[in-house]
1. If I ask for residues that are away from the ligand (no atom under 16 Å from the Cβ) and surrounded by fewer than 18 Cβ atoms within 10 Å (Cβ to Cβ), which ones from the stretch 402-430 would you list?
2. Pairs please, first residue from the stretch 88-112 and in contact (Cβ under 8 Å) with a residue 24 or more places away in the chain and assigned by TED's automatic domain parsing to the domain that holds residue 54, second anywhere and of a type in the set (Lys, Arg) and part of a helix (DSSP H, G or I), Cβ atoms under 9 Å, 6+ apart in sequence or on different chains.
3. Out of all the residues in the stretch 389-443, which are in contact (Cβ under 8 Å) with a residue 40 or more places away in the chain and acidic (Asp, Glu)?
4. Could you please let me know if residue 376 is buried (at least 21 other Cβ atoms within 10 Å of the Cβ), assigned by TED's automatic domain parsing to the domain that holds residue 432 and within 9 Å of the ligand (Cβ to nearest atom)?
5. Among (1) in contact (Cβ under 8 Å) with a residue 12 or more places away in the chain; (2) assigned by TED's automatic domain parsing to the domain that holds residue 586; (3) within 27 Å of residue 572 (Cα to Cα), where does residue 482 come up short?
6. Every residue in the stretch 379-388 that is in contact (Cβ under 8 Å) with a residue 12 or more places away in the chain, more than 25 Å from residue 526 (Cα to Cα) and either basic (Lys, Arg) or more than 12 Å from the ligand (Cβ to nearest atom) (or both), please.
7. Among the listed residues 392, 313, 322, 327, which satisfies the condition of being of a type outside the set (Asp, Glu), away from the ligand (no atom under 14 Å from the Cβ) and either in a loop (DSSP other than H, G, I, E, B) or under 29 Å from residue 601 (Cα atoms) (or both)?
8. One residue is enough: does the stretch 436-457 have a residue meeting the conditions surrounded by fewer than 20 Cβ atoms within 10 Å (Cβ to Cβ), at pLDDT below 90, more than 28 Å from the chain's Cα centre (by Cα) and under 30 Å from residue 577 (Cβ atoms)?
Amino acid sequence: MTRPPRDKQPPKTPLPNDKLPLSDRLRDLSSTLGLVWRASPKHSVMYAATTLIASALPAANLYVGKLLLDEVAQAAGGGVTYAALLTLLAIQVALGVFGSLLGTVGTASQQLLGDSLQHSVSRRILDKASGLSVESFENAETYDRLQQAYREVGSRPLGVATQLVGLAGAAVTLVSVGALMARLGVWVLPLILLASVPGVIVSNRFGVAGYQMLRRQTHDARVQNYLGSLLTSDTLVKEVRLFGFEGHLLERWRNYYLGFRKTLEDLVRRRSAWGFGASLASALLIGLASALILRRAADGQISVGDFSIFVLGIAQVQATVGNLLNGVSGIYQNLLYMRNLFDFLELPSRDLDAGEVWSGPIDTIEFVNVGFRYPLTDRDVLRGVNFTVTRGQALALVGENGAGKTTLVKLLTRLFEPSSGTILLNGMEASRFSPRSVQKQMSIIFQDFGQYQMSARENVALAEIARLSEDGVVESAVERAGAEFVDDLPEGLNTPLGRLFQGGRQLSGGQWQRLALARLYFRDASVLVFDEPTAALDARAESETIEALRAQTLDRITLLISHRFSTVRLADHIVVLDGGVIVESGSHAQLMARDGQYAALYNLQARGYGAAETVSESV
Ligand SMILES: Nc1ncnc2c1ncn2[C@@H]1O[C@H](COP(=O)(O)OP(=O)(O)OP(=O)(O)O)[C@@H](O)[C@H]1O
């Protein structure tokens, strides 16, 4: 029976981001504004209102300035009172003060809006990340999207909002200043408007090119970051120093940089050349407009005040047109980046609560013809796997590296769903039940268990965090796992662990592993999974752990993965995996009698010990 995986792979974007149709872009624009609005309606309104009102001030200033100049010019001929001049001056000062007030309120609300936005978008990204399946995290594409999404958190949504408001503001300024300048001659305004266009076209074109460059480099940048992180990792520094491959890492890190640099240089070179051409064209057009206005001045058709509107207006119009067109292209570019964020937020989540709720202990687990293939790969890593394990039994999985043991555990614990076949729990199809409710019956220690930089108590209680402050439960799990060393830590169970943060105590590999075992025991589960539980333990600790494990797991299902046959032989039933297929199964005695792959591997390891004993005896 074949069932499609429950959690499908994220759909690929059908078109490259920069080729999406306008309708999609407009939808992204409205979603972005929705993000901004929800982050802080109050600051959104305050920012928009202050910006729009402030946009009308340049025209008001120009006009009052013109009136003042004309009055001053007239005063030379008499007939203008000092009071009239002072009134105009007072209006000009009032406009300035009002402008500063608007600017102050606008900047403050923008800053607070940006902060709220950063928080709310980060929160959405983290919410999304916590709803993604384990499968998604094994996929490089998801990582790329996650990284891109994080990069955009700070600036992009706010950029879209401020640019959109800026666009409306620029329109207000342009219309009002344009109306004043139109009085100076028909050609003046169009020429000045035209002069702003080349620069904007160039900046837009290279803005998109810059985006495409970054997007192409995302994967390589991630590799480069990874290489850098190897050189700055506290856990890897020993291995890096001993093998002395710092130079190799640095060289690879630098080669990525050189690749990025070459692309950047090319972009900067082209952008500078085009930018220079654009400013030349713009200067010529302004020169032409100035010549036309001077012609009218020579004919005595315009006043000094009008001329001041022209001179000051040029800068104003140019800056505003620049803002307007840059605003459009800025919004377009920011929306390209926002698509990355939306791509990530739109990844399908796995609903761990979907399905019937499992309750009560798991008494049997049965794999019926189970097969599995990792997404985006073309090879089945498990094929036709059949076995049954019941309460009170310990089942051991044996096999060489890459045989499929951990993958089988991922299926059993519902982190992944089989590509084919069925898993039955107490005779019922596991897929009927919600993964979370089934997982509550399971506890596990992974090969790469977590070393959480938190207190020892939290490290244990994370398995069922609601019981963190229940009396004595953490202590009893610690005792069962033989992790009593925590009593000797300066603050006992409350000692912060790890060396990432101040005051943290670092533990040895075996001590961390014992805490992870305590975490496993902390959850009152009916299925216990031990993936290499003794790898970091010393010999005495290992035999103690295995004895304890035998005693404590009698009324449960125990699944054990180990490369140590001294551990494996204690299991009731042993399954030997080879290349994703079960090649042998039975008890230790049965498998030894069979004299197949298990017996060969067992004898190989036993001979290793035997040889060691012979050597030590002969010394
Ligand atoms: N996320 C993944 N994507 C694609 N292939 C994977 C992934 N994880 C594991 N594999 C492949 O699946 C196969 C089984 O891997 P698995 O980790 O289950 O082996 P294992 O028996 O647990 O090995 P080990 O003893 O080394 O822990 C291997 O060939 C491995 O390359």
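The values are calculated or read from the model by the stated rules, or taken from the named source; none is laboratory data. Not measured: the values here are computed from a predicted model. Neighbour counts are summed over all protein chains in view; Cβ atoms, including those assigned to glycine, are modelled from backbone coordinates with ideal geometry.
1. Those that are away from the ligand (no atom under 16 Å from the Cβ) and surrounded by fewer than 18 Cβ atoms within 10 Å (Cβ to Cβ): 422, 424, 426, 427, 428, 429.
2. From residues that are in contact (Cβ under 8 Å) with a residue 24 or more places away in the chain and assigned by TED's automatic domain parsing to the domain that holds residue 54, the pairs are 109/42; 112/42.
3. Passing the criteria: 400, 417.
4. no
5. Of the numbered conditions (1) in contact (Cβ under 8 Å) with a residue 12 or more places away in the chain; (2) assigned by TED's automatic domain parsing to the domain that holds residue 586; (3) within 27 Å of residue 572 (Cα to Cα), the odd one out for residue 482 is (2).
6. Once the filter is applied, which keeps residues that are in contact (Cβ under 8 Å) with a residue 12 or more places away in the chain, more than 25 Å from residue 526 (Cα to Cα) and either basic (Lys, Arg) or more than 12 Å from the ligand (Cβ to nearest atom) (or both), the stretch 379-388 yields 383, 384.
7. 392
8. no
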